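Peer 1: Following this message is one structure expressed as structure tokens.
The values are calculated or read from the model by the stated rules, or taken from the named source; none is laboratory data. Given the structure is predicted, the values throughout are model-derived calculations rather than measurements. No Cβ is skipped: glycine too gets one built from the backbone with ideal geometry, and neighbour counts run over all protein chains shown.
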Amino acid sequence: MLMNKLEFINLLPGILLAGASVLVMLVIAFKRNHKLAYMISGFSLLGVFYYLLAYAATKTFSVEPLFIVDGFGTFNTILIVISTLAIVMLSYPYFEQREERKEEYYILLLLATLGAAMLVISKHFVSLFLGLEILSVALYSMIAYLRKRERSDEAGIKYLILAAFSSAFLLFGMALVYSETGSMDFSGIAETIKSKESLSLILLAGFGLMIVGVGFKLGVVPFHMWTPDVYEGAPAPVTAFIATVSKGGMIALLVRFFTQVDGYHYPTLVLIFVVIAITSMFVGNLLALRQNNVKRILAYSSIAHLGYILVAFLAGNESGVEAISFYLTAYFITSIGAFGIITILSDTDRDAERMEDYQGLFWRRPFMAAALTAMLLSLAGIPLTAGFVGKFYLLASGVSTGLWLLVVALAVNSVIGLYYYIKIIAVMFEQPKVEEADKLNPTMYVVSVSTVSILTLLLVWFGIQPQAMIVWIKSLLAGSIMN
């Protein structure tokens with residue numbers, strides 16, 4: 001059946017992203033031009049962002065049977081698009097310094113963004129799997145994009161193998177759920193389950209396999225093995241994308257699916273997520289203490305932060321969804337900012353990931369040191385940063401539903417995490433060994449530093465005045481099926 005005019009308008013963000021990737025590909029076919037590919041990507045993302053704010057933010061509509069565009073989906077799509085725009089801004093100077101062909105990167109980045117955007121508005125197994133595979137296949141190439149780089153191919157192959165396994169688990173789980181319920185639509189599955197007093201063994205197995213598949217994509221314990229190696233081997237802007245957009249899309253999908261099927265009604269499923277949340281917090285933080293590589297520290301830190309988010313997820317109420325939305329906003333700003341600074345400090349041979357790369361950074365580049373300090377303090381949940389407000393929101397949602405074990409685990413792990421963040425900050429204030437010249441030309445340096453500056457200002461602003469963002473999140477979720 002041909003798409004009618006209304007459905008075309010409703011799916012315009014996805015159409016724009018897909019069209020932009022095709023346009024970049026056609027441009028490459030005629031003449032390679034890194035700046036043009038960068039500009040097409042940036043303007044297409046700005047167009048999608050404008051459309052979402054001007055049109056979609058005030059509406060709820062569905063494109064049967066695959067998608068539901070509501071406040072929750074719109075908010076997460078905006079977060080994905082604006083985060084990708086920041087990554088594009090950081091990517092241009094990063095890849096301009098390198099000899100590898102650069103233009104194809106933007107095709108992959110736009111397609112990965114399209115896949116993540118599809119995930120957050122999916123309400124059907126078909127759209128779920130299609131969005132996930134578009135995201136994953138693009139990431140395979142993005143991770144191994146700098147083939148001359150040490151550990152690049154290794155990271156790409158590791159992610160390829162483990163992501164393929166996770167997709168197989170997810171697909172088999174969806175097949176079992178379909179065999180028992182006769183539906184692939186989330187609402188249809190929910191209606192069938194409600195008619196049963198308890199979950200059958202097949203349904204439990206199906207949901208269990210789906211949790212395994214989603215767990216691999218999120219990188220939570222015990223499915224976290226790929227995370228530090230992939231973070232270390234991938235180019236810094238790609239690592240920022242994996243840490244934020246990729247995982248944020250999966251979190252939004254998990255929240256929508258679990259809420260619609262009322263998974264909170266089944267103690268077995270809740271217990272599984274409680275165990276995953278607690279082990280992710282402790283394993284992520286304790287392993288981060290042993291690292292001397294900044295990328296690996298942030299990788300293990302991301303595992304712990306996914307455990308924190310699961311506290312609000314398990315709250316299973318309106319305040320929990322609001323807490324997840326605000327925390328994702330704070331985490332996206334912080335992670336992109338941190339990896340953005342790594343991007344700026346990197347040279348043509350390798351990324352600035354070793355501790356010695358940051359020794360004396362305060363004396364060499366005071367602004368970079370101040371910005372990275374703000375990012376790390378936000379990850380630690382220190383007051384006057386967006387991370388503190390987000391973590392407080394998570395704790396409040398846990399307390400409101402009596403999840404005391406998870407609340408205590410979150411509080412304890414916040415203290416543990418503070419140590420390795422402070423370790424990086426301490427290194428930056430040591431005396432530098434040698435003077436370092438700027439590695440970027442002035443124009444590129446301005447683009448990168450401006451992006452990091454905006455992220456730092458947002459980080460502090462949301463830490464001091466979070467009310468406007470909270471009110472906006474509440475207004476969007478008020479028209480959402482999440483309530």
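To keep it simple, each residue is scored yes or no on (1) aliphatic (A, V, I, L, M); (2) at pLDDT below 90; (3) surrounded by 21 or more Cβ atoms within 10 Å (Cβ to Cβ).
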residue	(1), (2), (3)
P267	no, yes, no
L271	yes, no, no
M281	yes, no, yes
R290	no, yes, no
N293	no, yes, no
L298	yes, no, yes
S301	no, no, yes
L306	yes, no, yes
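Peer 1: Additional query: Can you confirm whether S83 is within 28 Å of F125 (Cβ to Cβ) and part of a helix (DSSP H, G or I)?
Peer 2: Considered against the rule, which asks whether it is within 28 Å of F125 (Cβ to Cβ) and part of a helix (DSSP H, G or I), S83 comes out as yes.
Peer 1: Any chance the stretch 458-477 includes a residue that's of a type in the set (S, T, N, Q), at pLDDT below 85 and closer than 26 Å to L384 by Cβ?
Peer 2: Taking every residue of the stretch 458-477 in turn, at least one turns out to be of a type in the set (S, T, N, Q), at pLDDT below 85 and closer than 26 Å to L384 by Cβ.
Peer 1: Could I ask something else about it? Could you figure out which of (1) under 25 Å from S62 (Cα atoms); (2) among the aliphatic types (A, V, I, L, M); (3) free of Cβ contacts under 8 Å to residues at least 40 places away in the same chain isn't true of L176?
Peer 2: If we test L176 against (1) under 25 Å from S62 (Cα atoms); (2) among the aliphatic types (A, V, I, L, M); (3) free of Cβ contacts under 8 Å to residues at least 40 places away in the same chain, just (1) comes out false.
Peer 1: So, A86, is that one under 17 Å from T239 (Cα atoms) and in contact with a Gly (Cβ under 6 Å, 6 or more places away or on another chain) or not?
Peer 2: no
Peer 1: Pick out the one residue from R296, R256, R290 that is in a loop (DSSP other than H, G, I, E, B) and among the basic types (K, R).
Peer 2: R290
Peer 1: Next question, about the same structure. If you check A175, A190, A164, which single one turns out to be out of contact with any Leu (no Cβ under 6 Å at 6 or more places or on another chain), among the small types (G, A, S) and farther than 18 Å from S122 by Cα?
Peer 2: Only one candidate passes the filter, namely A164.
Peer 1: Would you confirm whether or not the stretch 116-127 contains a residue that is within 18 Å of G233 (Cβ to Cβ), part of a helix (DSSP H, G or I), under 16 Å from the mean Cα position of the chain (by Cα) and aliphatic (A, V, I, L, M)?
Peer 2: No: the stretch 116-127 contains no residue that is within 18 Å of G233 (Cβ to Cβ), part of a helix (DSSP H, G or I), under 16 Å from the mean Cα position of the chain (by Cα) and aliphatic (A, V, I, L, M).
Peer 1: Suppose we filter E103, E96 for residues that are surrounded by fewer than 24 Cβ atoms within 10 Å (Cβ to Cβ), touching a helix residue (DSSP H, G or I) at 6+ places or on another chain (Cβ under 8 Å), modelled with pLDDT under 90 and under 16 Å from F43 (Cβ atoms); which single one remains?
Peer 2: E103
Peer 1: Which numbered condition trips up S400, out of (1) at negative phi; (2) crowded, with 21+ Cβ neighbours inside 10 Å; (3) not aliphatic (A, V, I, L, M)?
Peer 2: (2)
Peer 1: If we keep just the residues of the stretch 128-143 that are surrounded by fewer than 23 Cβ atoms within 10 Å (Cβ to Cβ) and small (G, A, S), which is farthest from the chain's Cα centre (by Cα)?
Peer 2: Residue satisfying both the conditions and the ranking: S141.
Peer 1: Would it be correct to say that D347 is over 17 Å from the mean Cα position of the chain (by Cα), in a loop (DSSP other than H, G, I, E, B) and at pLDDT below 90?
Peer 2: In short, yes.
Peer 1: Sticking with this structure for a sec: Return the only residue of A252, A236, A240 being in contact with an Asp or Glu (Cβ under 6 Å, 6 or more places away or on another chain), buried (at least 24 other Cβ atoms within 10 Å of the Cβ) and of a type outside the set (V, I, T).
Peer 2: When all the criteria are applied, what remains is A236.
Peer 1: Separate question: Within the stretch 365-373, does at least one residue satisfy the condition of being surrounded by fewer than 24 Cβ atoms within 10 Å (Cβ to Cβ), part of a helix (DSSP H, G or I) and within 22 Å of the chain's Cα centre (by Cα)?
Peer 2: Within the stretch 365-373 (the criterion being surrounded by fewer than 24 Cβ atoms within 10 Å (Cβ to Cβ), part of a helix (DSSP H, G or I) and within 22 Å of the chain's Cα centre (by Cα)), the answer is yes, since at least one residue qualifies.
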